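Trainee: My structure is below; once you've seen it, I'll send some questions.
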Amino acid sequence: MNGTDFDSENPNCETCNIRTKSILQNATPETIEKINNGKHFNKHSRGNHIFKSGDLASGFYFIKSGFVRNYRSTGGKEQTFNIRGPGDWIGFRDAISSDSFFHSCICLEDVETCFITKELTEILMKEDEKFQSEVLRQMAKEWRESESQVVSLGTKQVHSKLAELLITLKDAAGGSDEIEIKMTREVLASIIGTTTETLVRALTDFKNRNIVHVEKHKVTFQDMAALYSLSEMELDKMVKVHS
């Protein structure tokens, strides 16, 4: 594990505020107790990696607080897969299907995680059918998101992809009308599969049309109806984001 500070504090899974947002929401009390006793609570500083591509995948992480970026470097360029935040897991598929992590995970801000070993995960999936079902449901959801991302990158114009990304970041920040994006323009461009110059032009266009106001790393949302229209998001996603 990279750039990880182990802390003596160990949150209780039974009272954790993100439990209902994670795969533990329907787990049995016995499963919660075993995870509570077997997890490792970690604090990671902004800019540090939680893991890198090729690192040993001996387990996976729940994000308790903060946001991370999952990416892979190819030919000297970084391709961002997604942004994950509180309640999400990271590294799960690699932990149960291979010996090493396929991609890298870096902290966009200070992050708290709970690490669950591969061995404990395999035991719990055999013992707790509800936990197993929730794991499979979450994996299916991520596969659908990955497929949607491929379609989006291949068919949507830059303005549409940028609008969807901004809505997603707004939702991740709790729906606030003003958010701070702790990512460089280069990273944002890599997420939607475009150049930095094209991203900046699209942001400027949004600003000139009074859809959003951008000042350094702060984005203020001014016209959500226009942003939704530009995003071409599926109806179920729009309802989820707006609710």
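The values are calculated or read from the model by the stated rules, or taken from the named source; none is laboratory data. Note that the structure is predicted; figures quoted are calculated from it, not measured. Cβ: placed from backbone, ideal geometry, glycine included. Neighbour counts: every protein chain shown.
Trainee: Residues that are in the same structural domain as Cys107 (by TED's automatic domain parsing): which strands (runs of 3 or more DSSP E) entirely in the stretch 171-221 hold 3 or more of them?
Mentor: Details: elements: 178-180, 212-215, 218-221.
Here the list is empty.
Trainee: Quick check on my filter: what residues within the stretch 186-232 are over 11 Å from Val158 (Cβ atoms), within 21 Å of the chain's Cα centre (by Cα) and of a type in the set (S, T, N, Q)?
Mentor: Those that are over 11 Å from Val158 (Cβ atoms), within 21 Å of the chain's Cα centre (by Cα) and of a type in the set (S, T, N, Q): Ser190, Ser231.
Trainee: Could you list all residues from the stretch 158-210 that are polar (S, T, N, Q), surrounded by fewer than 16 Cβ atoms within 10 Å (Cβ to Cβ) and more than 21 Å from Gly66 (Cβ to Cβ)? Outline the logic, then answer.
Mentor: So the first thing to find is which residues in the stretch 158-210 are polar (S, T, N, Q), and the list is 160, 168, 176, 184, 190, 194-196, 198, 204, 208, 210.
Pick out the ones that are also surrounded by fewer than 16 Cβ atoms within 10 Å (Cβ to Cβ) and you get 176, 184, 195-196, 198, 204, 208, 210.
Matches in the stretch 158-210: Thr195, Thr196, Thr198, Thr204, Asn208, Asn210.
Trainee: In this structure, is Ile50 touching a residue at least 60 places away in the same chain (Cβ under 8 Å), aliphatic (A, V, I, L, M), part of a strand (DSSP E or B) and in the same structural domain as Asn17 (by TED's automatic domain parsing)? Lay out the reasoning, then the answer.
Mentor: Values: touching a residue at least 60 places away in the same chain (Cβ under 8 Å): yes; aliphatic (A, V, I, L, M): yes; part of a strand (DSSP E or B): yes; in the same structural domain as Asn17 (by TED's automatic domain parsing): yes.
Taking the combined requirement at face value, the residue satisfies it.
Trainee: Given the conditions (1) of a type in the set (D, E, K, R); (2) under 14 Å from the mean Cα position of the chain (by Cα); (3) not in a strand (DSSP E or B), and given that Glu112 satisfies all but one, which numbered condition is not satisfied?
Mentor: Of (1) of a type in the set (D, E, K, R); (2) under 14 Å from the mean Cα position of the chain (by Cα); (3) not in a strand (DSSP E or B), only one is false for Glu112: (3).
Trainee: Here's a follow-up. Could we say that Glu9 is touching a residue at least 12 places away in the same chain (Cβ under 8 Å), outside any strand (DSSP E or B), touching a strand residue (DSSP E or B) at 6+ places or on another chain (Cβ under 9 Å) and surrounded by fewer than 19 Cβ atoms within 10 Å (Cβ to Cβ) here?
Mentor: Working: touching a residue at least 12 places away in the same chain (Cβ under 8 Å): yes; outside any strand (DSSP E or B): yes; touching a strand residue (DSSP E or B) at 6+ places or on another chain (Cβ under 9 Å): yes; surrounded by fewer than 19 Cβ atoms within 10 Å (Cβ to Cβ): yes.
When the stated conditions are applied, Glu9 passes them.
Trainee: Here is a list: Asp88, Asp99. Which entry is of a type in the set (D, E, K, R), crowded, with 16+ Cβ neighbours inside 10 Å, modelled with pLDDT of 85 or more and not assigned by TED's automatic domain parsing to the domain that holds Lys161? Don't jump to the end; show me each part of the working.
Mentor: Values: Asp99 fails: crowded, with 16+ Cβ neighbours inside 10 Å.
Just one listed residue meets the conditions, Asp88.
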